[in-house]
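The values are calculated or read from the model by the stated rules, or taken from the named source; none is laboratory data. Here the structure is a predicted model, which is why all the values come from computation and not from measurement. Neighbour counts are summed over all protein chains in view; Cβ atoms, including those assigned to glycine, are modelled from backbone coordinates with ideal geometry. What goes into the accessible areas is simple: the full protein's heavy atoms, side chains included, and nothing from ligands, DNA or RNA. Shrake-Rupley method; radii C 1.70, N 1.55, O 1.52, S 1.80 Å.
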Amino acid sequence: MNLALDNVSYHYPGSKQGLHELSLNVCAGELVAVIGPSGSGKSTLLKLVSGLETGHTGRIVFGGQDMSSTPVHQRRMGMVFQSYALFPHLSVIDNVAYGLKLRKVPVAERHRRAQELLGIVGLASYAKRDIGQLSGGQQQRVALARALAIDPLALLLDEPLSALDASVRGHLRDEIRAIQQRFNATTLLVTHDQEEALVMADRVAMLKDGRLLQIATPREIYQQPSSVAVAEFVGLSTILPARVSAPGKIDLGFAELFADTGARAVGSGLHAMVRPEHVQADPPPACVNRLQGHPGAQRYLGALTRYDFEVPGAPKPFLAESAVPAARAIAIAPDHIRLLDH
Ligand code: ADP
Ligand code: MG
């Protein structure tokens, strides 16, 4: 079911913190990942959608119906949190069936449904176990099964993988995505891990200071971040202050480069962003946007080496990636320089 936030603002009582004029649409079956630094309002957004936090202005609409004043237990949201929030005194299957019991589903039916969901999350043989006997990753699967059991209008996942080891996390994120797609569940996934967001989401929404900075596909937010704040948060890059020195040219202070300046006026101040994979190592001498210098710190990553390349006069090194680090010079193709106006 389609979920829409329409100009939603919220302030915690006696505080300026919260959300500011946030509008966002999650299509039926879509997974939107909400990213942003700690304190940017990600959990607040989920709490408002779930009804755990109330008193916002603007509208929260499910399938055309304004749910703003619907109490939490009537909203039918499937929720999963970082801390598994399972009932330690209940067995695995009773945890999964819990929401169905609240909804007075007969015992045989709710056990059938809970067992089916345990099968889907790969825990069919764990039904009778105690929660305490399960690993963190298994507990999070139980939480997901419990969230899905109530046939939710939307899935709200708040950092579901953050407490898990890297190896479990990588595996479980693929699984969560597959299950979400299988159920065609309209989903908001909060994460502070931009890589997780890019891998899992149909679209990524970036929050900062309670405001939505950009919502776009993973590819778009990576390739065309709308601001320095988004570019700094998503992926690796080198971001340098610059000025339009002529149409099609920018001045970095230590060098002038060709770049697509579009309709920007000469003299405009902005920032130039370059991704490490777009830094060409030791280009031919006649190459445009060639910068001489020397390599700095290196990190060997196997297929690639990620390294700093120092250019005399530059306020910071260029971050670069290639099979073999540049020895004397780098070049950046003009169409790989992304200009950011704010
Ligand atoms: P995130 O999940 O992105 O880390 P939160 O949504 O939890 O951020 O918090 C957003 C802002 O609201 C933060 O500045 C936080 O300190 C503040 N905040 C969160 N919960 C409360 C609360 N119960 N009372 C007052 N301020 C809060
Ligand atoms: Mg949070």
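Summary of values
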{"quantity": "Gyration tensor verdict on segment 39-100 (Cα atoms; rounded if a/c is under 1.5, prolate if a/b is larger than b/c, oblate otherwise)", "calculated": "oblate"}
{"quantity": "Within the chain, helix-based [θ] at 222 nm, where runs of 4 or more DSSP H residues each add -39,500 (n - 2.57), nearest 500", "calculated": "-7500 deg cm²/dmol"}
{"quantity": "Listed residues Gly253, Leu134, Leu19: farthest to the positive end of the dipole of the chain (Cβ charges)", "calculated": "Leu134"}
{"quantity": "Dipole moment magnitude, nearest 20 debye, the chain about Cα centre, only Lys, Arg, Asp, Glu C-beta charged", "calculated": "880"}
{"quantity": "Global form of segment 90-167, assessed from the alpha-carbon gyration tensor, a/c cut-off 1.5", "calculated": "oblate"}
{"quantity": "Cα long-axis angle, helix 166-182 against the chain (0 to 90 degrees, to the nearest 10)", "calculated": "70"}
{"quantity": "Degrees, to the nearest 10: 92-102 long Cα axis against longest axis of the chain", "calculated": "70"}
{"quantity": "Cα shape, segment 277-322, gyration tensor, a/c 1.5 rule", "calculated": "oblate"}
{"quantity": "C-alpha long axis of helix 107-120 to longest principal axis of the chain, angle in °", "calculated": "30"}
{"quantity": "Total charge dipole magnitude, segment 236-340, about the Cα centre, Cβ charges on Lys, Arg, Asp, Glu only, Debye to nearest 20", "calculated": "140"}
{"quantity": "Length added when fully stretched, Leu52-Val168, from 0.36 nm per residue minus Cα-Cα", "calculated": "38.9 nm"}
{"quantity": "Total lysine pairs under 27 Å (Cα atoms) in segment 3-228, excluding pairs fewer than 8 apart on one chain", "calculated": "9"}
{"quantity": "Accessible area per residue, Å², the chain with all protein chains present, probe 1.4 Å", "calculated": "46"}
{"quantity": "Net dipole in debye of segment 1-142 [+1 Lys, Arg Cβ; -1 Asp, Glu Cβ; about Cα centre; nearest 20]", "calculated": "440"}
